[in-house]
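To start, the structure under review is shown below, and the notes come after it.
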Amino acid sequence: MEAAAAPAAAAKKSSTVCVTGAGGFVASWLVKLLLSTGRYAVRGTVRDPGDGKNAHLLALEGAGERLQLVKADMLDYSSVASAVAGCEGVFHVASPVPYGQSSNPEADVIAPAVTGTLNVLKACKEAEVKRVVVVSSVSAVFNNPNWPKGKAFTEDSWSDEEYCRKNEEWYFLSKTLAEHEAFAYAAKTGLDIVTICPSLVIGPLMQRTVNTSVKVFLSYIKGDQETVQNGFKNLVDVRDVTDALLLAYENPQASGRYLCNSPPIRVSDIVNILIKSSFPTYTYPKNFVEFEGGYTYDTEKLRKLGWTYRPMEETLRDSIECYRRLGILN
Ligand SMILES: NC(=O)c1ccc[n+]([C@@H]2O[C@H](COP(=O)([O-])OP(=O)(O)OC[C@H]3O[C@@H](n4cnc5c(N)ncnc54)[C@H](OP(=O)(O)O)[C@@H]3O)[C@@H](O)[C@H]2O)c1
């Protein structure tokens, strides 16, 4: 672990938690949430603490006193072990989320997800971390040809590894393998592990780089295609995902995996909300071809923990305002 990029002094009485991949889309919002509670000192891992792409973290309220950025690569066990040493809790968020196909999926996607998760868990066990919350994905849930057609997915469904391999869905495979390994490790060692499986995460960006899920979301609404399929989309606000992560960490009753998704919404409804909420001139798709396929998710288990989600209107409005401010949309 190299020199901290920010003062490391943890506030008295706050417990120290580690967030892996702190500069990413989801993790940045999680760091912000954790700091805002006043209950935590946060150790965020990044691959390069000196990189300006992490500057938004250091500008957060409370960062000066309670945020420390440390260098760690998930594939380098000793850096991971140093990062989690002394932490009461760990949020393992870091994992590659590729846009498009990789030429070397084993090295680029699967190893960082699977070996990375195992490295984090082993380090947590060694450091006697009380609970680890792992960010998985609905990608580890829905790619299951044996699930009854039309039935909402529950936490009981697991994506089929062979099916993922056959279809070269490497990201889905990486999340499925990593989450399986996490629960196998929990069963073997007794480490307290909870996983959250979000759908496509959208919302305002804190960092300046556009991550994969926001690129995917923009492809739904950008006028690149005049005609689009009007299927249901499963989206969730990044701020609601971080609420779920905190609930999963703080609620002693939380266990196992949790699906995290807002009610599905059709592409035409997304476009209509945007048109009504003062973005009428944007070049949206014009024709919608009705399409009845698509998945639904049962989020009752997470809602029983007290999870709620924002109205999609708010998510869309905040997202578009942010993307315009950053120049991603005009
Ligand atoms: N966004 C979604 O729609 C969505 C949905 C479900 C689940 N998830 C999960 O949520 C998590 C965060 O996703 P995100 O959307 O926030 O993606 P993101 O912005 O691309 O963040 C991914 C983070 O992982 C880090 N990372 C990747 N490989 C690493 C390695 N070998 N060592 C250390 N750090 C590494 C990246 O660091 P660098 O900046 O250094 O590359 C980055 O900070 C992932 O686990 C993803 O699978 C995301």
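Some notes on this structure:
- Gain in span if fully extended, D73 to A111, counting 0.36 nm per residue against the direct Cα distance: 12.5 nm
- Isotropic mean projected area of the C-alpha convex hull, segment 234-278 (nm²): 4.0
- Rough spin-label spacing in nm, given labels placed 7 Å along Cα→Cβ, for S15 and K215: 3.7
- Of T16, S139, A187, farthest towards positive along the dipole that unit charges on Lys, Arg, Asp, Glu beta carbons give the chain: T16
- Rounded tilt (10° steps) of 212-221 against the dominant C-alpha axis of the chain: 20
- The chain: angle of helix 267-276 to the longest principal axis, Cα-based, in degrees nearest 10: 90
- When the alpha carbon gyration tensor of the chain is reduced to an equivalent ellipsoid, its three semi-axes come out at 31, 24, 18 angstrom, largest first.
- Residue separation of L329 and K222 scaled by 0.36 nm, minus their Cα-Cα distance, works out to 37.6 nm of gained length.
- Counted over the chain, the DSSP beta bridges are approximately 5% antiparallel.
- Charge dipole of segment 24-144 (Cα centre as origin; +1 on each Lys and Arg Cβ, -1 on each Asp and Glu Cβ, all else neutral): 340 debye, rounded to the nearest 20.
- Note on segment 18-91: with charges restricted to the Cβ of Lys and Arg (+1) and Asp and Glu (-1), its dipole about the Cα centre is near 120 debye.
- For the set K32/K122; K122/K151; K53/K188; K149/K175, the pairs lying more than 28 angstrom apart at their alpha carbons are K122/K151; K53/K188.
- Three semi-axes describe the equivalent ellipsoid of segment 10-51; taken as square roots of 5 times the Cα gyration tensor eigenvalues and ordered largest first, they are 19, 11, 7 Å.
- Equivalent-ellipsoid semi-axes of segment 28-144, from the Cα gyration tensor, Å, largest first: 24, 17, 15
- Computed over segment 127-170, Kirkwood Rh from alpha-carbon pairs, angstrom: 12.2
- A Förster distance of 45 Å, applied to the separation of the beta-carbon atoms of K151 and E65, puts the FRET efficiency at 0.40.
- Taking the chain and dividing mean pair separation by its residue count, relative contact order in percent (alpha carbons under 8 Å, at least six apart): 16
- In straight-distance terms, cross-link reach from K304 covers every one of the lysines whose alpha-carbon lies under 19 Å from its own, apart from those fewer than eight places away in the same chain; here that gives an empty set.
- Estimated D of segment 181-330 in µm² per second, where Rh is the Kirkwood radius over Cα pairs and Stokes-Einstein applies at 20 °C, 1.002 mPa s: 127
- Helical content alone sets the calculated 222 nm signal of the chain at -11000 deg cm²/dmol, taking -39,500 (n - 2.57) per DSSP H segment of four or more residues and averaging over every residue.
- Within straight-line cross-link reach of K301, aspartates and glutamates at Cα separation under 16 Å, skipping those fewer than 8 residues along the same chain: E155, D156, D240, D243, E250
- Calculated FRET value between N272 and E300, using beta carbons and R₀ = 25 Å, to 0.05: 0.35
- In sequence order, calculated HN-Hα J values of segment 89-102 (Karplus, 6.51, -1.76, 1.60; Hz; x Gly/Pro): x, 9, 10, 9, 10, 4, 5, x, 10, x, 9, x, 7, 9
- Expressed as a fraction of 2.2 N^0.38 Å, the C-alpha radius of gyration for segment 107-250 is 1.15.
- Counting only residues at least eight positions apart within a chain, or on another chain, the lysines with an alpha carbon under 26 Å from that of K276 are K215, K222, K233, K286.
- Toward the positive end of the charge dipole of the chain, with +1 on the Cβ of Lys and Arg and -1 on the Cβ of Asp and Glu, the farthest Cα among A113, G38, S28 is that of G38.
- Degrees separating the helix 170-189 axis from the principal Cα axis of the chain, which is the longest one: 40
- Rounded to whole Hz, the Karplus (6.51, -1.76, 1.60) HN-Hα couplings of segment 315-330, x for glycine and proline: 4, 5, 4, 5, 5, 5, 4, 5, 5, 6, 4, 7, x, 6, 10, 10
Just so you know, all these numbers are worked out from the coordinates, no wet-lab data involved. It should be emphasised that the depicted structure is a prediction, and the values quoted were computed from it without experimental measurement. No Cβ is skipped: glycine too gets one built from the backbone with ideal geometry, and neighbour counts run over all protein chains shown.
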